[in-house]
Each structure stands twice: as C-alpha cells, then as structure tokens.
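Written below as structure tokens is the structure these notes are about.
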Amino acid sequence: MNGENENAPARLLAVSDLHVSYPENRAIAEALRPRGDGDWLLVAGDVSERIDDIVAVLRLLAGRFAQVVWAPGNHELWSSPSGEDRLRGVARYERLVELCRELGVLTPEDPYPVWHGAGGPVRIAPLFLLYDYSFHPPGTHTKEAGLAYAYRTGVVCNDEFRLHPDPYPSRDAWCRERVALTLRRLEECTSVPDDAPSSPSATPVPLVLVNHYPLVRDPTRVLRYPEFAQWCGTTATADWHTRFPVAAMVYGHLHIPRTTWHDGVRFEEVSLGSPRGWGARPAPP
C-alpha cells in the first residue's frame, strides 16, 4: 500500500513549481505521499530544467500515486548545452511527453481522464498554452513596448534566453497554435449533441483545468514587478473559466500559493517555489 490509509476517500491533489534543483525542494518532492491508494496528483509544471530530474521525480511520484497528471511549465522547456537537454522547442516538449507516457504519467497530449473520487466526477484537462506577451505592463499596449519596458527595468524572464520555440518563429506564435488546438479539444469534450436526451448523463462533466499559468490576468496583479506578468499567460484564455463548465482552475508559476475566485470559479495556485520564498512563510509548505 502506498498511502497511509487504504480506506481513506480518494482525493485529487495538486502541486507545482517543485524546482528540485534546490536540495531543500528535492527533499520536499521526495517526501510527497498519498494518504490513500486512490489519490491522484496533478503536477502543474516546473519540476526542473533538467530532463533527468524531471523523469526521476515523475517516476517517483507515479510509483506512489494512483495517477499522476503533468502539464509543462516554462522551466521544463529550457534548453542547455549538454546531453538531451540540448533539445529545443517542440522537439523537447515531445520528448517529455514520450518519457511521461513511458512512466504512465498523463500529459496535455493524452485523452482527458475523468476523476470519480471525492468531489467528482470531474474531467481533468492538463493544458500546455505558453504565453503571448499580452499581459502588458502598465503604460504599454504592445509586445514590443512591454519587452522594452522590461529590459529597461532589468526584470526579464530567463525564457528570453533559454525557452526556444523551434520550429515556430516566436514563443507567442507557438502559444497561438497551442491555444487554438486546446480550444478545439475543450469544445469537443464539453459539447452535448443536439439530439442528446434531456438527462443528467447528457450534461458535460465539469472540468478541472491544469495549466502552468493562470487563465486570467487578475492573479498577476499582486506581482512585485508588474512587467513580469507578460511571461505569465495570455488574454486569449480570459473567458475559458466561464465559457466551459469549470469546477476549478489549478496553476502555478507565480510562486504565490493561494485560493482566489473569479466569476464564481475557484482558482488554486499550488506552487512550492524557491526556498527563499517558501522559507519565509510562517508555516512550512
């Protein structure tokens, strides 16, 4: 038995931004365990920058939880000069998907599973959307102006140097493609045929959306440096939590774990973050 209590109700759990390159974070990741054999774990990105570390952590978690569902963060897509980490852009993402499938970990490229445990049924939709620089800094209205502002202030995401969009011409072009593809999938899985009988079974199963970035801009407004928001999502998803039957939206990236509500929909940031960040909190992660 993996969990503490095999008779405990199955729970749907989530975490993000494990950043296991920090030894303190790796210890926390290695200590993650279910409380019951039926618990699922949603991992909303940023396990590590190194493919070997990503695989090692996901393998460990997949061996403990009944199901692990992963959505990539920006750090998983960073490239470096050595070994398999030299892979760039789509090739790197596709390699990560391949490795996840070998581990039995579900990805944004797999059918969206339905959770039947506590609070269910809900359909789990891991997303890979990136960002398109449309969360403009104050006083700017274009990508170019927003980036120029960030470079002037010195608050520039490392994605600009390490997250390569190959073969797309830009990260925002890759984002647009991912948004269009994902929108089609969400429409397909929530549509009810016109001739469907009027019964509960004809109602779409509510969604739990799992994305590294929040689907709306509001959670980024507490950032100390507002210019960083342009690397935190896209306005193209601003209505998805109301357009679709969303029970909850799970995200990370901001390193500000909290619950917020937007149009009556629960948004959960589940980041661990860096030891400098979580170490300053009054309670341990």
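Residue count for the range 136-155 under the criterion of being part of a loop (DSSP other than H, G, I, E, B) and open to solvent by 40 Å² or more (accessible area, probe 1.4 Å): the result is 6. The set of residues in the range 248-285 that are among the polar types (S, T, N, Q) and in contact with a helix residue (DSSP H, G or I) (Cβ under 8 Å, 6 or more places away or on another chain) comprises Thr260, Ser274. Taken over the range 197-217, the residue count meeting the criterion of being assigned to a loop (DSSP other than H, G, I, E, B) and modelled with pLDDT of 55 or more is 12.
Let's see how each residue does on (1) of a type outside the set (A, V, I, L, M); (2) without any contact (Cβ under 8 Å) to a residue 24 or more places away in the chain:
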site: Ser134; (1), (2): yes, no
site: Gly139; (1), (2): yes, yes
site: Leu147; (1), (2): no, no
site: Thr153; (1), (2): yes, no
site: Pro167; (1), (2): yes, no
site: Ser170; (1), (2): yes, yes
site: Thr190; (1), (2): yes, no
site: Asn211; (1), (2): yes, no
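Just one residue in the set Trp240, Trp278 is open to solvent by 40 Å² or more (accessible area, probe 1.4 Å) and of a type outside the set (Asp, Glu); that residue is Trp278.
Taken together, Glu102, Glu109, Glu98, Glu94 contain a single residue that is without any contact (Cβ under 8 Å) to a residue 24 or more places away in the chain, open to solvent by 40 Å² or more (accessible area, probe 1.4 Å), part of a loop (DSSP other than H, G, I, E, B) and out of contact with any Pro (no Cβ under 8 Å at 6 or more places or on another chain), which is Glu109. Might you let me know whether the range 182-189 holds any residue that is touching a His at 6+ places or on another chain (Cβ under 7 Å), at pLDDT 95 or above and open to solvent by less than 50 Å² (accessible area, probe 1.4 Å)? No, every residue in the range 182-189 fails to be touching a His at 6+ places or on another chain (Cβ under 7 Å), at pLDDT 95 or above and open to solvent by less than 50 Å² (accessible area, probe 1.4 Å). The residues of the range 113-135 that are assigned to a loop (DSSP other than H, G, I, E, B) and either in contact with a helix residue (DSSP H, G or I) (Cβ under 6 Å, 6 or more places away or on another chain) or of a type in the set (Val, Ile, Thr) (or both), listed by number, are Leu127, Phe128, Leu129, Leu130, Tyr131, Asp132, Tyr133, Ser134, Phe135.
One residue stands out in the range 241-253 among those that are in contact (Cβ under 8 Å) with a residue 12 or more places away in the chain and outside any loop (DSSP other than H, G, I, E, B): the one that is farthest from Leu207 (Cα to Cα), namely Tyr251. Listed by position, the strands (runs of 3 or more DSSP E) inside the range 1-90 whose residues that are open to solvent by less than 30 Å² (accessible area, probe 1.4 Å) and aromatic (Phe, Trp, Tyr) number at least 1 are 67-70. Among the numbered conditions (1) at pLDDT 95 or above; (2) in contact with a strand residue (DSSP E or B) (Cβ under 8 Å, 6 or more places away or on another chain); (3) closer than 15 Å to Arg123 by Cβ, the only one that Pro257 does not meet is (3). Whenever a residue of the range 254-268 is surrounded by fewer than 16 Cβ atoms within 10 Å (Cβ to Cβ), its partners that are of a type in the set (Ser, Thr, Tyr) and not in a strand (DSSP E or B), lying with C-beta atoms within less than 8 angstrom and at least six residues away or across chains, give the pairs Asp263/Thr242.
The values are calculated or read from the model by the stated rules, or taken from the named source; none is laboratory data. Treat the numbers as computed from the prediction; the structure is a model and nothing was measured. Because the Cβ atoms are built from the backbone with ideal geometry, glycine has one as well, and the counts that use them run over all protein chains shown. SASA here: full protein model, heavy atoms, side chains in, ligands and nucleic acids out. Shrake-Rupley method; radii C 1.70, N 1.55, O 1.52, S 1.80 Å.
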